[in-house]
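Everything on this sheet refers to the single structure shown next.
The values are calculated or read from the model by the stated rules, or taken from the named source; none is laboratory data. If you're wondering where the values come from, they're calculated on a predicted model, not measured in any experiment. Glycine also receives a Cβ, built like all others from the backbone with ideal geometry; neighbour counts cover every protein chain displayed. Keep in mind that these areas ignore ligands, DNA and RNA; they rest on the heavy atoms of the full protein, side chains included. Shrake-Rupley method; radii C 1.70, N 1.55, O 1.52, S 1.80 Å.
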Protein chains: 2
Amino acid sequence: MERIALEKKVLSENDRIAADLRQRFAREGTRVLNFISSPGSGKTMLLERALERFPRNLKVAVVTGDIQTDNDARRLAHYGFPVRQITTAGACHLDARMIEKSIAELDLAGLDLLLIENVGNLVCPTSYDLGEECKVVVLSVTEGEDKPLKYPGAFFRSSLMVLNKIDLLPYVPFEVPVARENARHINPTIEILETSCISGAGLDEWTRWIAPSRV
Amino acid sequence: MERIALEKKVLSENDRIAADLRQRFAREGTRVLNFISSPGSGKTMLLERALERFPRNLKVAVVTGDIQTDNDARRLAHYGFPVRQITTAGACHLDARMIEKSIAELDLAGLDLLLIENVGNLVCPTSYDLGEECKVVVLSVTEGEDKPLKYPGAFFRSSLMVLNKIDLLPYVPFEVPVARENARHINPTIEILETSCISGAGLDEWTRWIAPSRV
């Protein structure tokens, strides 16, 4: 019981900071998205494909979380937008305080878009509000259609499911209609996009979804 | 600091139960393996392929952990060995107490092998000793070669890395030598097997690795 009580306390502290962040983002007119998925589902590459499609006058910043390494930040920094790496040193998710610290160095004034790439983990990040406008869950077709049922939290709390790596569909046992049905069973209003960073399928829609008013 | 202190307390309680379990398993001569990976890396199918290869007189039981659903237990139950599902209802890992409860109904006497399929999560399960003889980490080639560097805990603490889904190598950007080097950089003594449940590659070696004295 002590564990549960403390977890509640930690979460409510997180919620308080996240609410402050959400107010700041709203004041600045910054759209903030929180990307969640398993390790290796292709979040970083999807973000790279969006960054290279954004117009140069779009004000975008990226925060990327990893347990170790700054590989992702180095990849994302190639596109000319500011990138901040959060190395969690063991923690399995980003929390609102990490975001608060990380954006202290960013100029939020006039920032159109803040993209937050969470730690690769389909479970824990779903419990931590980061002050985002919405969560996006990425599911690669190599992971199986059953994932929305087995990890419902991520799908229930996300506004968009990106079905990624659809170029691999001929080689893996994955039924797209079943995956869609499973996702909608958990979250009837979830939007769904199908993408491949190899074939380019769906990437224009993906980029428009991220920055609807500007692309 | 309060969080860290409590986490230590929870972990030391887990370590105490895990130590008890380890003694019980040693007394019964049961080899216990703890399988860890991202969601969708193919743990369940790898276990199915091993179960169908085991001789009928091998005494095997399986415990499988999921946040929701008993899909995996139903799949694994087809092979005639006892299977217990642990539904963690939100928890991102199995802990020793869950194992203790789950095996209460199993007859450990004379059990050769207990296979524990952890929750799909490359982070949190690595911190919880379940009393196993060793951990096994499964990495699918669709996840990228960098995962041992980004999620070092799982690779550092595992005796074996299974590189799974190698049938997909022609279609994904994945360099096997780089993945091997990254894993050995984190854990110089880690063993490595390459497998595919589609082509059948490596499955005999995999089955022998799990039950070396009996297969």
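With the structure loaded, tell me whether A:Leu163 is among the hydrophobic types (A, V, I, L, M, F, W, C) and at pLDDT below 95 or whether it fails that test. Walk me through it before giving the result.
Details: among the hydrophobic types (A, V, I, L, M, F, W, C): yes; at pLDDT below 95: no.
No: the conditions fail for A:Leu163.
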Legend entry - Subset of the range B:10-29 (residues that are free of Cβ contacts under 8 Å to residues at least 12 places away in the same chain and of a type in the set (Gly, Ala, Ser)): B:Ser12, B:Ala26
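Filter the range A:144-164 down to residues that are open to solvent by less than 20 Å² (accessible area, probe 1.4 Å), assigned to a loop (DSSP other than H, G, I, E, B) and farther than 21 Å from A:Met45 by Cα, then give me how many there are. Quick ask: steps written out before the conclusion?
Initial filter on the range A:144-164 (open to solvent by less than 20 Å² (accessible area, probe 1.4 Å)): A:144, A:147-148, A:150-151, A:154-155, A:158, A:160-164.
The next check asks that each one be assigned to a loop (DSSP other than H, G, I, E, B); those that pass are A:144, A:151.
From the residues that got through so far, the ones that are farther than 21 Å from A:Met45 by Cα too are A:151.
Residues in the range A:144-164 being open to solvent by less than 20 Å² (accessible area, probe 1.4 Å), assigned to a loop (DSSP other than H, G, I, E, B) and farther than 21 Å from A:Met45 by Cα: 1 in total.
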Legend entry - Of all residues in the range B:92-126 being part of a strand (DSSP E or B) and more than 14 Å from every other protein chain (Cβ to nearest Cβ), the one that is surrounded by the most Cβ atoms within 10 Å (Cβ to Cβ): B:Leu114
Inset, instruction - Among the numbered conditions (1) part of a helix (DSSP H, G or I); (2) within 13 Å of chain A (Cβ to nearest Cβ), tell me where B:Arg24 comes up short. - result: (2)
Legend entry - Residues that are in a loop (DSSP other than H, G, I, E, B) and over 30 Å from B:Ser199 (Cβ atoms), drawn from the range A:171-204: A:Asn187, A:Pro188, A:Thr189, A:Ile190
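Name the one entry in A:Asp167, A:Asp129 that is of a type in the set (Asp, Glu) and outside any helix (DSSP H, G or I).
Values: A:Asp167 fails: outside any helix (DSSP H, G or I).
From the options A:Asp167, A:Asp129, the qualifying one is A:Asp129.
Can you tell which of B:Glu133, B:Glu175 is open to solvent by 10 Å² or more (accessible area, probe 1.4 Å), farther than 26 Å from B:Arg16 by Cβ and either of a type outside the set (Val, Ile, Thr) or in contact with a helix residue (DSSP H, G or I) (Cβ under 7 Å, 6 or more places away or on another chain) (or both)? Steps first, please.
Values: B:Glu133 fails: farther than 26 Å from B:Arg16 by Cβ.
After applying the criteria, what remains is B:Glu175.
For the range A:176-194, how many residues are of a type outside the set (Asp, Glu) and in contact with a strand residue (DSSP E or B) (Cβ under 9 Å, 6 or more places away or on another chain)? Outline the logic, then answer.
Residues of the range A:176-194 of a type outside the set (Asp, Glu): A:176-180, A:182-190, A:192-193.
Cutting the leftovers down to in contact with a strand residue (DSSP E or B) (Cβ under 9 Å, 6 or more places away or on another chain) gives us A:176, A:179-180, A:183-184, A:187, A:189-190, A:192-193.
Matching residues across the range A:176-194 total 10.
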Inset, instruction - Please verify whether the range B:63-70 includes one or more residues that are modelled with pLDDT of 95 or more and more than 23 Å from B:Cys124 (Cα to Cα). - result: no
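Return yes or no: is A:Phe81 without any contact (Cβ under 8 Å) to a residue 40 or more places away in the chain, outside any helix (DSSP H, G or I) and more than 14 Å from every other protein chain (Cβ to nearest Cβ)?
Details: without any contact (Cβ under 8 Å) to a residue 40 or more places away in the chain: yes; outside any helix (DSSP H, G or I): yes; more than 14 Å from every other protein chain (Cβ to nearest Cβ): yes.
Yes; evaluated as a whole, the condition is true for this residue.
Take the residues in the range B:30-71 that are outside any strand (DSSP E or B) and among the aliphatic types (A, V, I, L, M); name whichever of them is most open to solvent (accessible area, probe 1.4 Å).
Taking the range B:30-71 first, the residues outside any strand (DSSP E or B) are B:30, B:38-59, B:67-71.
Cutting the leftovers down to among the aliphatic types (A, V, I, L, M) gives us B:45-47, B:50-51, B:58, B:67.
Numbers: B:Met45: 63, B:Leu46: 1, B:Leu47: 2, B:Ala50: 0, B:Leu51: 1, B:Leu58: 5, B:Ile67: 14 Å².
Here the answer is B:Met45.
Return yes when B:Ser196 is more than 29 Å from B:Lys9 (Cα to Cα), surrounded by 24 or more Cβ atoms within 10 Å (Cβ to Cβ) and of a type outside the set (Asp, Glu) and no when it is not.
no
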Legend entry - Positions within the range A:140-180 being within 13 Å of B:Pro39 (Cβ to Cβ) and among the charged types (D, E, K, R), in sequence order: A:Glu143, A:Glu145, A:Asp146, A:Lys147, A:Lys150
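Just give me the residues in the range A:27-42 being under 30 Å from B:Val141 (Cα atoms) and more than 11 Å from chain B (Cβ to nearest Cβ), in sequence order. So that I can check it myself, show each step before the final result.
Filtering the range A:27-42 down to residues under 30 Å from B:Val141 (Cα atoms) leaves A:33-42.
Residues satisfying the conditions are A:Leu33, A:Asn34, A:Phe35, A:Ile36.
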